Amino acid sequence: MADIPAIEGVFNQFAILLLVAAVIGFIGTRLKQPLVVSFIAVGVLVGPSVLGWVDGHEPMMELLAEIGIALLLFVVGLKLDLHLIRTMGPVALVTGLGQVALTALVGFLIALAAGLEPVAALYVAVALTFSSTIIVVKLLSDKKEIDALHGRIAIGILIVQDICVILTMILITSLTAADGEAHIGYEVARVVLTGIGVLAVLALLMRYVLPRLLDVLARTPELLVLFSIALAVSMATGGDMLGFSKEVGAFLAGIAIASTPYREAVASRLTALRDFLLLFFFISLGAQLDLATIGDQIGLALLFSAFVLLVKPLIILAIMGIMGYRKRTGTLTGLTLAQISEFSLILGSLGLSVGHIDQEAMALITLVGLITIGVSTYLIFYARPIYERLAPLLEVFERSTPYAEIALDSQPGQHYEADVVIFGLGRYGHQLAKNFEARGWRVLGIDFDPVVVAEWRDAGNMAHYGDASDPEFPRSLPLGDVRWIISTTPDRDVGGTLINALRAAGYQGRLAVTVHTRMDADYLRRKGADRVLMPFVDAAEMAVAEITGGPDLPERRNGVQQP
């Protein structure tokens, strides 16, 4: 790190850097800007182009950033299960490969038309095909959409893209060797056999070692967390040494623990540390932008950025439509993947190191990366409002029968007769359902996680796959006999969307929504909610009533009362 004027010592420099990040982050949140954008702006501010405090390649910052990335992919692996692979595998594979091929082809033609040399045009085109696992996973996790259908598909496509970029880098490295074709064949065979070996070892660890080891470590929670971090970083290093990538290794480490009872405990304890370390990745990314080169590259960068932000999502939308997914699912997935990847920068750096491209082409890829990552942050953050505005223009992509999504519902033809419909089958929704059933009400549960729906049905309950934030979904529900519809998602926008959609569908019953703040409660009451549930407030009122020994619990202002 370059010396900060009048500040000596790495510790003091990092202290100033964290203070600047906190201030800019606070200003960004007050302006309702995503933190990712604020942290990239911090990188630009402290980078060579402005204050010159960091150069974007400081070893200490790169180390912290790489550990953060490893933990990010580790946590993603923790949430992966075999059901996801079975259900999302086909659409992820077809959409991922189709998008990579079409994006590369169209991007290559655009690059040639823009005057780039064929080799540089090829590198730029390939760089445009990959999306950022770090950005996508971070923002989907923040929005709690990592388990939504479009989130699961996006994660599957990212895995396919990561495999493609690894194979591409192997190909480039092999082409620089003396015995080209023989070397390529050898490298591909080595990677395939190594991958099979790694998966076999991982399966043995998951079956015979990790469950027993974690049972012992879990007696000391701090030791369990330390072991999890060590496993993530160690397997990231192993993945890098075996010719894959740190990201793949860390991802597999998460999968290794995903089948144990400790996955949720580990994930919850690592979230804050992961987010802190990722701060340095975003700062480093912003610091790599050299404002002096923008003037020469800005035109082409804007052209390619527009292609990534507009055309790439349309390609994904079209492929998913052909596969039987609705335009809403395809649009949300496409908007999620509308950026280029950190792997794109690594690919460009590899091409620069072997002499295939020059510094100008590398600067172009970097600038496109910064622009698309910055803009796509807003696309992901506001994906649902964007879709609602664009929906009338996307009818050509709609499926009259979205058979792929219908297949997620293992009982597509069942006729549901319910007194109450509960959106969200988490802990709160589950407890509500039990209490309604104890009073003789028929309960239909709705959730956007196919695994949760399947588990709910296995327990003998009525359940249906769906999303409360989908304005078109309520029309598919049997609303005639329903007395109450309850949303347990504490999100004001989701509650507002559900209220509008139910009224548009002709629902005549009563509606309850869930929030955490008084301001959101007032907003949703004005929108037309009959009851607003505030779980923590309601629970506190009941607890105080019991502790103070009142003869009867008082009527809860926000509760759903039995008619």
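Every read-out reported here was derived from the displayed coordinates using simple, explicitly stated rules and does not represent laboratory data. Just so you know, these numbers come straight off a predicted model, no measurement behind them. Ideal geometry is used to build each Cβ from the backbone, glycine not excepted, and the neighbour counts take in all protein chains shown.
Across every pair of non-identical alpha carbons in the range 25-77, the mean reciprocal distance, once inverted, gives a Kirkwood radius of 12.6 Å. Over the range 416-547, the hull volume per residue, using the convex hull of the C-alpha atoms, is 108 Å³.
What the phi angles of the range 498-513 give under the Karplus curve with 6.51, -1.76 and 1.60, with θ = phi - 60°, is a coupling list of 5, 4, 4, 5, 5, 5, 5, 7, x, 5, 10, x, 9, 9, 10, 10 Hz, glycine and proline written as x. Each of N435, F473, L502 was placed along the dipole of the range 416-547 (beta-carbon charges, centred on the mean Cα), and the one lying farthest toward the positive end is L502. Remark: the chain projects, on average over all directions, an area of 30.0 nm² (convex hull of Cα atoms).
Charges on Cβ only, +1 for Lys and Arg, -1 for Asp and Glu, centred on the Cα centroid of the chain; of T517, L394, M323, which one is farthest towards the dipole's positive end? Working it through, the farthest residue towards the positive pole turns out to be T517. Amide H to amide H, with H built 1.01 Å from N, L533 comes under 5 Å of V513, T514, V515, counting only residues 5 or more places away or on other chains.
What's the angle, to the nearest 10 degrees (0 to 90), between helix 518-527's Cα axis and the longest principal axis of the chain? Tilt relative to the chain: about 70 degrees.
So what is the relative contact order of the range 416-547, in percent, for Cα pairs below 8 Å that sit 6 or more residues apart?
21
Ranked by the mean number of other Cβ atoms within 10 Å of their residues, highest first, the peptides 214-224, 39-49 come out as 39-49, 214-224. The H on the amide N of I485, modeled in the peptide plane, is under 5 Å from the matching H of V421, R510, L511, A512, each at least 5 residues off or on a different chain. A dipole drawn for the chain from +1 and -1 charges on Cβ atoms has a positive end, and of G299, L217, S132 the residue lying farthest that way is L217.
Cross-link partners for K312 among the lysines, with Cα-Cα distance under 26 Å and sequence neighbours closer than 8 places in the same chain left out: K138, K143, K144, K327.
Each residue in Y465, Y428, Y123 was given a count of other beta-carbon atoms within 10 angstrom of its own, and listing them fewest first yields Y428, Y465, Y123. When each of the peptides 441-448, 67-74, 269-276 is scored by how many other beta carbons lie within 10 Å of its residues on average, the order from highest to lowest is 67-74, 441-448, 269-276.
Placing unit charges on the Cβ atoms only, positive for Lys and Arg and negative for Asp and Glu, gives the chain a dipole magnitude near 1600 debye about its Cα centre. Protection proxy ranking, highest mean first, for peptides 153-160, 531-538: 153-160, 531-538, where packing is the per-residue count of other beta-carbon atoms within 10 Å, averaged.
Provide, as a two-decimal number, the C-alpha radius of gyration of the range 480-533 over 2.2 N^0.38 Å, N being how many residues it has.
Compactness ratio reported: 1.02.
Calculate how steeply helix 327-336 sits against the longest principal axis of the alpha-carbon atoms of the chain, using the helix alpha-carbon long axis, and give the answer as 0 to 90 degrees to the nearest 10. The two axes meet at around 50 degrees. Our summary gives the chain a relative contact order of 16 percent, counting only alpha carbon pairs under 8 angstrom and 6 or more residues apart.
As a check on your grasp of the helix formula, calculate [θ] at 222 nm for the chain: sum -39500 (n - 2.57) over DSSP H runs of n ≥ 4, divide by the residue count, round to the nearest 500.
Rounded to the nearest 500, the figure is -21000 deg cm²/dmol.
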